[in-house]
Amino acid sequence: MMGLVRGRERVVLVMVVMLVTISMMQSVSGVVLHKLGGNRYQGWKSNYNYTQWSMNEHFIVGDWLYFGYERNLFNVLQVSQTAYENCITENPIKNVTGGAGRDVFQLVAPITYYFTSSGGNYCQNGMKVAIPVVNAPPTPSTDHS
Ligand SMILES: *[C@@H]1O[C@H](CO)[C@@H](O)[C@H](O)[C@H]1NC(C)=O
Ligand SMILES: *[C@@H]1O[C@H](CO)[C@@H](O)[C@H](O)[C@H]1NC(C)=O
C-alpha cells in the first residue's frame, strides 16, 4: 500500500517536472517554424491556396518560415505587396532561393511579408502567400503572492 502511494507520487512528480521543463523550454525558445502549407517537403507549390493556411497560423516576430519544394520548378522570392498582388517576380526584395529546395526565412519585424515563386504561371495559380507578423504578446508578470 505504502509502495503504491509512493509509486503514484513519483509518477506525479515526474509529470510535474516534465511540464515545468517543457514550459521553460517554450519560454526560452518560443520560436515557431511554420511549414508552408503544413507539409514538410512539398509544401511550397503551385495550385494551392495559401490564404486559408496563413489564416490559421499565428506569426510572431522571431518565428521562421520553412519552404520545402521541387527545386527544379520553383523558388522563393520575397516581394512587395504590389508585386504579390500583381505577380511581378522581377526585382524581388530578397531572393530567398538557396538551391536545395529547402529554404528558411526568419520573420524579424512586425510587418506583412509577401512571397511568391517565379516561372510558369505559378504565382497566378496561387503560389503566393502573405504572412502577417505581430510582436510577441508581453509575458505575464510574475505572481508575487
Ligand atoms: C483562397 O482562400 C481565401 C480564404 O478562404 C478566399 O478568400 C480566396 O478567394 C481564395 N483564393 C482563390 C484564388 O481561390
Ligand atoms: C533567385 O536565385 C536563384 C538561385 O540562385 C536563381 O536561380 C534565380 O534566377 C533567382 N531569381 C531571381 C528573380 O533573382
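We did not get these values from a lab; they are worked out from the coordinates using the rules stated. Because the structure is a prediction, the values reported are computed rather than measured. Neighbour counts run over all protein chains shown; Cβ positions are idealised from the backbone, glycine included.
Summary of computed values
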{"quantity": "Cα gyration tensor, the stretch 60-111 - rounded (a/c under 1.5), prolate or oblate", "calculated": "oblate"}
{"quantity": "Loop-located GluC sites (Glu not before Pro) in the stretch 33-99 whose Cβ has at most 13 other Cβ within 10 Å (DSSP)", "calculated": "Glu70, Glu90"}
{"quantity": "Anisotropy class of the stretch 33-134 from Cα gyration tensor, a/c 1.5 cut", "calculated": "rounded"}
{"quantity": "Relative contact order %, the stretch 33-134, counting alpha carbon pairs below 8 Å whose residues are six or more apart", "calculated": "34 percent"}
